[in-house]
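So the structure is just underneath, and the comments pick up after that.
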Amino acid sequence: MGRWWVWCDNVEIECCGTLFSVGDDVTWPLALEYEEDILDGGWSEQLSKIAAPVERVRDGDGMIQVLRADDGLVAALHCNPVDTSALPDPGEWGHRVGLLTVERHHGRWPETTGRVLSIALVHQGFVETGPDSRTYFADRRDRFLEPVTRSPARFGRDYDEIRTETGARRHRSHAGVLVELHLPDPRT
């Protein structure tokens with residue numbers, strides 16, 4: 001019924017993720033992140049727009065806000081428990097646009113189950129903020145998607161560090177995968 005784009009960071013897969021292929025059914029805890037928080041943005045084609053009642057889910061010592069769409073998608077609006085006085089009342093409608101991400105290292109909330117329709121390995125360029133700073137930022141102009149049939153177990157680099165004209169280092173690595181996820185009609 002619903003088709004959604006989901007970002008799976010390489011750390012999520014290498015650390016504690018289960019490998020998957022096109023056609024597999026997967027169950028993931030999802031968060032709806034601001035576009036610019038994932039590799040400096042540039043995801044306009046993969047953004048999700050969700051409008052659904054806000055629910056509160058207890059998570060250890062706090063509460064997590066989630067949106068539960070009609071097609072079975074459940075997405076957290078933040079990954080860590082927050083002060084409940086700042087949250088909308090349960091049942092109020094939340095409207096949010098962002099990139100869905102798999103999140104296994106934060107809070108616990110209901111998961112979403114769907115079928116993997118496609119997988120793209122994300123090749124992402126990174127540039128040092130200044131010569132020898134060893135601090136890098138994602139260069140959204142140096143990104144491309146490679147269709148693959150399964151998620152890799154380990155992620156590598158396209159090329160090792162090289163120096164730019166300014167002396168700063170740059171490299172391109174496999175940052176994660178972008179997955180097209182199909183959610184079945186919950187009424188069937």
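Please enumerate the residues belonging to region 98-117 that are touching a Leu at 6+ places or on another chain (Cβ under 9 Å) and either closer than 17 Å to H174 by Cα or in a loop (DSSP other than H, G, I, E, B) (or both).
T101, V102, E103, W109, E111
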Members of region 146-188 that are out of contact with any Gly (no Cβ under 8 Å at 6 or more places or on another chain), under 21 Å from E103 (Cα atoms) and part of a strand (DSSP E or B): R150, A175, G176, V177, L178, V179, E180
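Taking into account only those residues within region 157-186 that are small (G, A, S) and under 26 Å from the mean Cα position of the chain (by Cα), which is nearest to P131 (Cα to Cα)?
Checked region 157-186; the qualifying residue nearest to P131 (Cα to Cα) is S173.
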Going by the structure shown, is E103 at pLDDT below 90 and within 17 Å of T18 (Cα to Cα)? yes
Against the conditions (1) under 21 Å from S48 (Cα atoms); (2) at pLDDT 85 or above, where does F155 fall short? Just the number, please. (1)
Taking strands (runs of 3 or more DSSP E) that fall entirely within region 26-72, which contain at least 2 residues that are within 22 Å of S151 (Cα to Cα), of a type outside the set (V, I, T) and modelled with pLDDT of 85 or more? 30-33
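Here's the yes/no breakdown for (1) buried (at least 17 other Cβ atoms within 10 Å of the Cβ); (2) under 22 Å from D24 (Cβ atoms):
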position: H95; (1), (2): no, no
position: R108; (1), (2): no, no
position: R115; (1), (2): no, yes
position: A120; (1), (2): yes, yes
position: F126; (1), (2): yes, no
position: P131; (1), (2): no, no
position: L145; (1), (2): no, yes
position: T149; (1), (2): no, yes
position: A153; (1), (2): no, yes
For region 167-188, the count of residues that are modelled with pLDDT under 90 and over 22 Å from L39 (Cα atoms) equals 6
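The values are calculated or read from the model by the stated rules, or taken from the named source; none is laboratory data. Note that the coordinates shown come from a computational prediction; the quantities given were computed from them, not determined experimentally. Counting neighbours? That spans all protein chains shown, and the Cβs are built from the backbone with ideal geometry, glycine included.
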